[in-house]
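*Asks:* Got a structure here, written out as C-alpha cells. Questions coming.
The values are calculated or read from the model by the stated rules, or taken from the named source; none is laboratory data. Not measured: the values here are computed from a predicted model. Cβ placement follows ideal geometry from the backbone for every residue including glycine, while neighbour counts extend to all protein chains displayed. All accessible areas refer to the heavy atoms of the entire protein, side chains included, with ligands and DNA or RNA removed. Shrake-Rupley method; radii C 1.70, N 1.55, O 1.52, S 1.80 Å.
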Amino acid sequence: MECIGMRAVWSIADNIVSPLGVTTAENYSHLRQGVSGVRLQEAGVWWDEAVYAAAVNSLPAAPGQSRFERMSLLALRQALADKTLPSEKTVFILSTTKGNIDQLGQDLPRLSLHETATYLAHAAGLHHSLVVSNACISGVLALIVAKRYLEAGTYDHAVVLGADVLSRFVVSGFRSLHALSAAPCRPFDAHRTGINLGEAAAVMVLTTDPGLAKGKRIRLRGAGVSNDANHISGPSRTGQELAQAIGQALQASTLTPGDIDAVYAHGTATVYNDEMEAKAFDLAGLAAVPVNSLKGYYGHTLGAAGVLETIVAAQSLHHGEMLPTRGFETLGVSRPLNLSARLQNLSGKRILKTASGFGGCNAALVLEKETNPS
C-alpha cells in the first residue's frame, strides 16, 4: 500500500538516443510509422559473421570519450537542456550492464562502472551518483531505486540514464547461449527464434516538486521486484515470480488488475522468456489487457531497455495509443494473451512496465497519466 504522506514522483523530461533518432520525438514518430532500427550488420563489425542488430550509426566526435560516453552525454544534454536542478538534492543513476566494456585493452581509464557514472554525472553538473547493474531489469530497477530515494526525501530530483552499446564481447556472449536470431526478432510469435541486440541511451528526469511537474505529466506509482533463482540464464518455468512483482506494484499503487490499461512487456522473443511472461500476466489477472513488446524496433538494448521502453510507454499515454508488436503474427505461448498487433487507441491512463533478466530477476512499475491544472 502507498504510505500516507508519501511524496509523489513525476517524470518531467526525457530523451532517447537510438538507431531511430536522437530525440524522444524522433523515436516515437518512427515507432508510429512502424520503422525498425534492426538491420543486418555486415560481417566484421560486431562479429565475424553478419548479425541482425540495431546500431547507432553516427555520433558526435569527442576525443577521449568512448562511444558509450558520447551516446550517453548526447542523451543527457538534451534531456537537461532547459532544466536547472540543484546538485545537492539531485541523484544521478546509471543503469547499464556492460558500460565501457568495448574499451578493454584500450587507453580509456573509465572501465569500472562507478568511474563511468562519476564521469557522466560530473559532465551533467551533478555530484551524487550510483550504478544499478542488475542484468536486463537494470533500467526499470534504476527507476524504482530513484523513486524510492525521492519518496524517502533523500533527494528531490533524480536523473536516470540507461545505456549500453554493441560490442564483440556482448555479441559473442549471447551467441554462446544460442540466443541470437538469424532474422528480425518476433516477440511472442509462434515462429520466434531468439533476440536481436541493440544499443541506445535513454534518460528520464524525475522530481517530487509539483512546481516542475506542470501540465500533462506522468507519475511513477507502485513498483515491485522479485527473483525466482531458477537458473543463471533461464527464467522461471511458472511465471509466478514475475506475477509476484506485478502484484507488489499493484498493491503499492492501491490498484487492481482491472485498473491497468496496457502492459509494455519485456518481450525478448526467446522461447522461454515470452512463455514465462505470458504465464505471469495470466497469473496476475492481466490476460485480457493489451500487451506489446518494443524489441522488434530497438532489439534488446540491455541496461538501456527499461528506461527507453518506459519513456515510450509514457509517450503512449500522452498520445492515447498503443503501439503494435513488430514481428508478431501468430500467438506462440501457452496462455491467452492480448497482443497488440496494430496501432490502436488507448483510452486509459495507466501502463504497467515489466522486465525480467538473467539470474531470475523481475521488476514491475506502474505509470499513470495525470493532468495538473496549474
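*Asks:* Please figure out what share of the DSSP beta bridges in the chain is antiparallel and state it in percent, rounded to the nearest 5.
*Replies:* Numbers: 44 of 66 bridges.
Rounded to the nearest five, the antiparallel share is 65 percent.
*Asks:* Checking a compactness column here: for the stretch 152-213, what do you get for Rg(Cα) / (2.2 N^0.38 Å), N being the number of residues?
*Replies:* Taking the Cα Rg and dividing by 2.2 N^0.38 Å, one obtains 1.74.
*Asks:* Which whole-number percent gives the relative contact order of the stretch 228-374, counting Cα pairs below 8 Å spaced six or more residues apart?
*Replies:* For the stretch 228-374, the relative contact order is 35 percent.
*Asks:* Lys/Arg Cβ at +1, Asp/Glu Cβ at -1, dipole of the chain taken about the Cα centre: which of 297, 328, 153 is farthest positive-ward?
*Replies:* 153
*Asks:* A further question follows. Using the crude model of +1 on Lys and Arg Cβ and -1 on Asp and Glu Cβ, and no other charge, please compute the dipole size for the chain relative to its Cα centre, in debye to 20.
*Replies:* On the way: 31 positive and 31 negative charges, 91 e Å.
Using only the charged Cβ atoms, the result is roughly 440 debye.
*Asks:* Next up: Quote the FRET efficiency, to the nearest 0.05, computed for residue 62 versus residue 175 with a Förster distance R0 of 35 Å and r equal to the Cβ-Cβ distance.
*Replies:* After rounding, the FRET efficiency stands at 0.70.
*Asks:* Starting from the Cα gyration tensor of the stretch 1-119, take the square roots of the eigenvalues, sort them a ≥ b ≥ c, and report rounded, prolate or oblate (rounded when a/c is under 1.5, otherwise prolate if a/b is larger than b/c, else oblate).
*Replies:* oblate
*Asks:* Below 11 angstrom from the Cβ of residue 309, what's the summed charge of the other residues (Lys, Arg +1; Asp, Glu -1)?
*Replies:* It works out to a net charge of +2.
*Asks:* Okay, next question. Can you tell me how the stretch 110-266 classifies by the Cα gyration tensor, rounded, prolate or oblate, using a/c under 1.5 as the rounded cut?
*Replies:* oblate
*Asks:* Place a point 7 Å from the Cα of residue 84 along the Cα-to-Cβ direction; which residues of the stretch 196-236 have their backbone N under 20 Å from it?
*Replies:* Answer for the stretch 196-236: 205-214.
*Asks:* Follow-up. Quantify how much of the Cα-Cα distance distribution of the stretch 53-125 extends past 19 Å, in percent.
*Replies:* 38 percent
*Asks:* Could you check how many percent of all C-alpha pairs in the stretch 245-297 are farther apart than 13 Å?
*Replies:* The proportion of pairs with Cα distances above 13 Å equals 60 percent.
*Asks:* How are the C-alpha pair distances of the stretch 264-360 spread across 10 Å bins, as whole percents from the shortest bin up?
*Replies:* Spelled out per bin, shortest first, that is 15, 53, 31, 1.
*Asks:* Further, regarding this structure: Filter 295/353; 214/369; 216/369; 89/353; 147/353; 147/369 down to the pairs with a C-alpha to C-alpha distance above 18 Å, please.
*Replies:* Values: 295/353 14 Å; 214/369 12 Å; 216/369 7 Å; 89/353 27 Å; 147/353 15 Å; 147/369 16 Å.
Pairs exceeding 18 Å: 89/353.
*Asks:* Treating only the Cβ atoms of Lys and Arg (+1) and Asp and Glu (-1) as charged, compute the dipole magnitude of the stretch 70-189 about its Cα centre; round to the nearest 20 debye. Before the final figure, lay out the partial values.
*Replies:* Numbers: 11 positive and 9 negative charges, 42 e Å.
Here the stretch 70-189 has a charge dipole of around 200 debye.
*Asks:* Highest GNM mean-square fluctuation, the chain, Cα pairs closer than 10 Å: which of 138, 18, 172?
*Replies:* Among 138, 18, 172, the largest GNM mean-square fluctuation belongs to 172.
*Asks:* Once Lys and Arg get +1 and Asp and Glu get -1 on their Cβ, which of 128, 193, 203 lies farthest toward the positive end of the dipole of the stretch 115-222?
*Replies:* My answer, from the dipole projection, is 193.
*Asks:* Continuing with this model, one more query. Quick check: from the Cα gyration tensor, does the stretch 183-307 come out rounded (a/c under 1.5), prolate or oblate?
*Replies:* oblate
*Asks:* Quantify, in whole percent, the carbon and sulfur part of the accessible surface of the chain (1.4 Å probe; protein heavy atoms only).
*Replies:* Solvent-exposed carbon and sulfur of the chain make up 51 percent of the total.
*Asks:* Pairs of alpha-carbon atoms within less than 8 angstrom and 6+ residues apart define the contacts here; what relative contact order does the chain have, in percent?
*Replies:* Values: 984 pairs, mean separation 87.1, N = 374.
RCO, the chain: 23 percent.
*Asks:* Work out which trypsin sites (Lys or Arg not before Pro) in the chain are exposed loop sites (DSSP not H, G, I, E or B, at most 13 other Cβ within 10 Å) and give the longest gap free of them.
*Replies:* Formally, the longest exposed-site-free interval is 1-213.
*Asks:* Please report the equivalent ellipsoid semi-axes of the chain, computed as sqrt(5 x eigenvalue) of the Cα gyration tensor, largest first, in whole Å.
*Replies:* Gyration-tensor ellipsoid for the chain: 27, 27, 19 Å.
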